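Novice: Here it is, the structure, as structure tokens.
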Amino acid sequence: MMLSAEEKKEAVEKTREILARYDTTSRGSLIPALQQIQGVLGYLPAEAMQEAADHFSIPAVDIYGVVTFYNQFRLTPPGKHQVKVCMGTACHMKGGNIIMESWERVLKIKVGETTPDREFSLERVACVGCCTMAPVALVNETVHGKMTPTKVDGLYFAHQLANQQKKEGMPE
Amino acid sequence: MNAIKTAAMVLEEIRAEALNKWSSLRQRTLIAVGAATCGRAVGALEVARVFREETERLQVDATVIEAGCIGHCYAEPLAFIYKPGFPGICYGYLNEGLASRLVRDFLVDGDPCVEFALAADGVNDFIPTFQDFPRGLVEKKIVMEHCGLIDPENIEHYLAVGGYSGLAAALALDPAEVIKEVKSSGLRGRGGAGFPTGSKWELCGGAAEKNRYVICNGDEGDPGAFMDRTILESNPHLVVEGLTIAAYAVGAGKGYFYIRAEYPLAVERIRKALKQAEKYGILGKSVLGTGFSLDVEVFQGSGAFVCGEETALIASMEGKPGLPRHRPPFPSEAGLFGKPTVINNVKTLSYVPYIIRNGAEWFKGTGTPGSPGTAIFALAGKLVNTGLAEVPMGTTLRQIIYDVGSGIAGNSSFKAVQIGGPSGGCLPGETPDTPIDFDSLTRAGAMMGSGGIVVLDENDCMVEMARFFLDFTQKESCGKCTFCRLGTKHMLGILERITKGEGRPEDMDLLLELAEDIRAGSLCSLGKTAPNPVLSTLKYFRAEYEAHIREKRCPALMCKDLIAYYILPHKCERSCDACVGSCPVEAIYSNEDRIKVINQEKCVKCNSCLVACPPQYRAVIKVSPPDQAAGKEKENDEQKS
């Protein structure tokens, strides 16, 4: 993904601001620092990883190694709304893959992708610990239990509706 | 001697005020809404909001708190209402409307609406208590005693129910005595391996290096397990107390909570608990006025299953990829930053305050001689009552499934239990009298693991189950050992082929061979136990593998490539269009007799029509192998002509 010069500058500035809070010698702070950067930027662009490498005096390739090792870190920007479908044992047995396919169909993207308008991104998550409410899907931080294909349609429709109302309300 | 008195006295001082507030809270109406993540998933926060708004609107003198989970997750969202003059009543299956009705009818008009009550808290004359449930006979709550009944975000509630008295008692002892007590209690690590906790502490406490660490392992990665989450969310102070005692026993000055990032609520609640404990002088420079000091931090895991393994966990805390390493040296000798480190599971630490408070002999009074104490199980899958259950070690699977879980949901029959997550195994329906403790489960071919139990019925395909777990371990393998990295990939490939109906007769032997090699050639228990799901299903359900390979048929009608959906013409109600409307790809059409037919080429097998077909017709069925559907349609055509 290409960033414009302005976006790059912003990402670097924000990264530096976060890194300044951490001691340059403590490698143990690397993961918390990366988590914070991702918390602000939504993902970890190459520029941010380079900044972190300079800050902690670690080769950039090691940072890349850490970032790609853990599932939490992402290298591409997420959608405005992140849909995560739980693929734990209980969810799988109660049809988690059907819920995933329903989202794929509704959003017209595959798992791991972001819609072209960057409204939604779709991911799988190993287990959110809500096995009693299986199958489960998360939209941003909200957990939705006992999902069905029609509930997927409903959630998407509710979102579209809210968006439309926002647009109509905008002129004033 | 002076310092000893102070610890208990300091606590007494803090507690006196907490008790005051607690009793004044109980003199008014108290509504405790179960708002752990499981409750929130089905709208507990909305229910709590309605309780707040309605009590305010109707001017009811009541406090609404967002508590944790009592383990009866099947009935979420639920709430306890304590009204003076009534026993505490728990209402289940709540929604916004019911909540506002309860405020109106019960809190204003005084009718407790027993028709909606689930159970009462405390013996009374008109509503049965949770102990009167069949599961009441089996359950024995130690760690989960207060879960769901107190406000997890308020240290005063925990203090009022006797919190931190284990810590005060421990501070009155010598660290070595604390270790001795834990050791003689026989407490074994609840993370899965069952290593004696006391021995771990002893090893660390005896190390030459004085700079030591304690870590609470809350990286509950097993899909299907959620007890650590529940404890962290429902009673965070209990875990904080356990960690503090552990730190005192081994002489550590720094503690960490390692919690996975998928549990944001647990992270938030532990952070709040730590802040409060510091404010009350329970953590920090001088713990309860003694010379012992402890600083505790939260470290968020970043989503790698292997980091539940202690050496990998340490690597990730040092800012490296979470790769396990050889043991020895054990972390108790050389752990975080090379210093002696004790790493204990959330549940293990939660038992510690109770052991110190009540003594080792009391703890040994529960459970089996080899595995004393209780076990917490997360029940999920095809059970009537899913949720958490704390039962003594040695309870049989039958008691857990039928007494605690109330049996199998729907009309289907019990087939197997999957226990211990991806490292565990599937035990078939013929062995429900297996007592559950560390040793007997290992003998049966499964593993205690962290304690997730997923119950499977006849509609669950065991081959698909094995494929699912292999898919998980293959993705989560850190890649250090060749056999784990490549072997699991190869096994997954074979299983995928079988579930697609492309299996070969020699595949089963190949799977067994690969499983042996992966087990022998892997460093950590992720690889060592990765083949377990395959081995146990091959052992107990070989016939299913054979049906997939030889007949291209999935007996449980689950493997997508081996099934087709079909509408029984004699059952289809002509005037009903439910399935047509539910189909997302317009694959269902009406034929000339207005009977619905599925266009097999368009069908994406999403199961919507089967759900949509009204229960009085049940016309949609699944068939396997898939060409049966085409065959049946042809038959129908021929009959007509």
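Okay, residues lined up against (1) in a loop (DSSP other than H, G, I, E, B); (2) within 11 Å of chain B (Cβ to nearest Cβ); (3) farther than 16 Å from A:Gly145 by Cβ:
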{"residue": "A:Tyr64", "(1), (2), (3)": "no, yes, yes"}
{"residue": "A:Val67", "(1), (2), (3)": "no, yes, yes"}
{"residue": "A:Phe73", "(1), (2), (3)": "yes, yes, yes"}
{"residue": "A:Gln82", "(1), (2), (3)": "no, no, yes"}
{"residue": "A:Val85", "(1), (2), (3)": "no, no, no"}
{"residue": "A:His92", "(1), (2), (3)": "no, yes, no"}
{"residue": "A:Glu104", "(1), (2), (3)": "no, yes, yes"}
{"residue": "A:Lys110", "(1), (2), (3)": "yes, no, yes"}
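Novice: Also, quick follow-up: For the stretch A:30-49, enumerate the residues that are within 12 Å of chain B (Cβ to nearest Cβ), without any contact (Cβ under 8 Å) to a residue 24 or more places away in the chain and more than 24 Å from A:Phe120 (Cβ to Cβ).
Specialist: Listed by number, the residues that qualify are A:Pro32, A:Ala33, A:Gln36.
Novice: Give all pairs with beta carbons closer than 8 Å in which a residue from the stretch B:293-310 that is more than 9 Å from every other protein chain (Cβ to nearest Cβ) and polar (S, T, N, Q) meets a residue that is surrounded by fewer than 22 Cβ atoms within 10 Å (Cβ to Cβ) and part of a strand (DSSP E or B); count only pairs at least 6 apart in sequence or on separate chains.
Specialist: Between residues of the stretch B:293-310 that are more than 9 Å from every other protein chain (Cβ to nearest Cβ) and polar (S, T, N, Q) and residues that are surrounded by fewer than 22 Cβ atoms within 10 Å (Cβ to Cβ) and part of a strand (DSSP E or B), the close pairs are B:Ser293/B:Gly284.
Novice: Of everything in the stretch B:561-610, what is of a type in the set (Ser, Thr, Tyr), modelled with pLDDT under 90 and closer than 22 Å to A:Asp153 by Cβ? Give them in sequence order.
Specialist: Matches in the stretch B:561-610: B:Ser582, B:Ser608.
Novice: Considering only the stretch B:14-28, I want to know if a residue exists there that is in contact with a His (Cβ under 9 Å, 6 or more places away or on another chain), part of a helix (DSSP H, G or I) and small (Gly, Ala, Ser).
Specialist: The answer is yes, given that some residue of the stretch B:14-28 is in contact with a His (Cβ under 9 Å, 6 or more places away or on another chain), part of a helix (DSSP H, G or I) and small (Gly, Ala, Ser).
Novice: Can A:Ala52 be described as crowded, with 19+ Cβ neighbours inside 10 Å, more than 8 Å from every other protein chain (Cβ to nearest Cβ) and not in a loop (DSSP other than H, G, I, E, B)?
Specialist: Here the answer is yes, as A:Ala52 does meet what is asked.
Novice: Kindly indicate whether any position in the stretch B:40-60 is outside the structural domain of B:Leu265 (by TED's automatic domain parsing), under 25 Å from B:Glu145 (Cβ atoms), assigned to a loop (DSSP other than H, G, I, E, B) and of a type outside the set (A, V, I, L, M, F, W, C).
Specialist: Scanning the stretch B:40-60 turns up no residue that is outside the structural domain of B:Leu265 (by TED's automatic domain parsing), under 25 Å from B:Glu145 (Cβ atoms), assigned to a loop (DSSP other than H, G, I, E, B) and of a type outside the set (A, V, I, L, M, F, W, C).
Novice: Examine the stretch B:557-577 for a residue that is in contact (Cβ under 8 Å) with a residue 60 or more places away in the chain, among the aliphatic types (A, V, I, L, M) and part of a helix (DSSP H, G or I), and state whether such a residue exists.
Specialist: Within the stretch B:557-577, one or more residues are in contact (Cβ under 8 Å) with a residue 60 or more places away in the chain, among the aliphatic types (A, V, I, L, M) and part of a helix (DSSP H, G or I).
Novice: Which of the residues belonging to the stretch B:133-171 are more than 24 Å from the chain's Cα centre (by Cα) and among the charged types (D, E, K, R)?
Specialist: If the condition is that a residue be more than 24 Å from the chain's Cα centre (by Cα) and among the charged types (D, E, K, R), then B:Glu156 is the only one that fits.
Novice: Kindly evaluate B:Ala266 against the criterion of being surrounded by fewer than 24 Cβ atoms within 10 Å (Cβ to Cβ) and within 11 Å of another protein chain (Cβ to nearest Cβ).
Specialist: Spelling it out, it is not the case that B:Ala266 is surrounded by fewer than 24 Cβ atoms within 10 Å (Cβ to Cβ) and within 11 Å of another protein chain (Cβ to nearest Cβ).
Novice: Only one of B:Phe377, B:Phe363 is closer than 23 Å to B:Ala247 by Cα and either within 14 Å of chain A (Cβ to nearest Cβ) or of a type in the set (Phe, Trp, Tyr) (or both); which?
Specialist: That would be B:Phe363, the only listed residue that is closer than 23 Å to B:Ala247 by Cα and either within 14 Å of chain A (Cβ to nearest Cβ) or of a type in the set (Phe, Trp, Tyr) (or both).
Novice: Something else: In the stretch A:2-20, what residues are over 19 Å from the mean Cα position of the chain (by Cα) and free of Cβ contacts under 8 Å to residues at least 12 places away in the same chain?
Specialist: A:Ser4, A:Ala5, A:Glu6, A:Lys9, A:Glu10, A:Glu13, A:Glu17, A:Ala20, listed by residue number.
Novice: Give the stretch B:405-428 a look and list any residue that's among the hydrophobic types (A, V, I, L, M, F, W, C) and either touching a Leu at 6+ places or on another chain (Cβ under 7 Å) or farther than 27 Å from B:Phe130 by Cα (or both), or say none.
Specialist: B:Ile408, B:Ala409, B:Ala416, B:Val417, B:Ile419, B:Cys426, B:Leu427
Novice: Only one of these conditions is not met by B:Gly581: (1) outside any loop (DSSP other than H, G, I, E, B); (2) of a type outside the set (Phe, Trp, Tyr); (3) closer than 30 Å to B:Glu496 by Cβ. Which number is it?
Specialist: (3)
Novice: OK, next. Consider only pairs whose beta carbons are under 9 Å apart and that are at least six residues apart or on different chains; among these, list those whose first residue lies in the stretch A:131-157 and is closer than 17 Å to B:Gly224 by Cα and facing chain B (nearest Cβ under 10 Å) and whose second residue is of a type in the set (Phe, Trp, Tyr) and outside any helix (DSSP H, G or I).
Specialist: Between residues of the stretch A:131-157 that are closer than 17 Å to B:Gly224 by Cα and facing chain B (nearest Cβ under 10 Å) and residues that are of a type in the set (Phe, Trp, Tyr) and outside any helix (DSSP H, G or I), the close pairs are A:Cys131/B:Phe226; A:Thr132/B:Phe226.
The values are calculated or read from the model by the stated rules, or taken from the named source; none is laboratory data. For clarity, every value in this text was computed on a predicted model and none was experimentally measured. Positions of Cβ are backbone-derived with ideal geometry, glycine not excepted, and every protein chain shown enters the neighbour counts.
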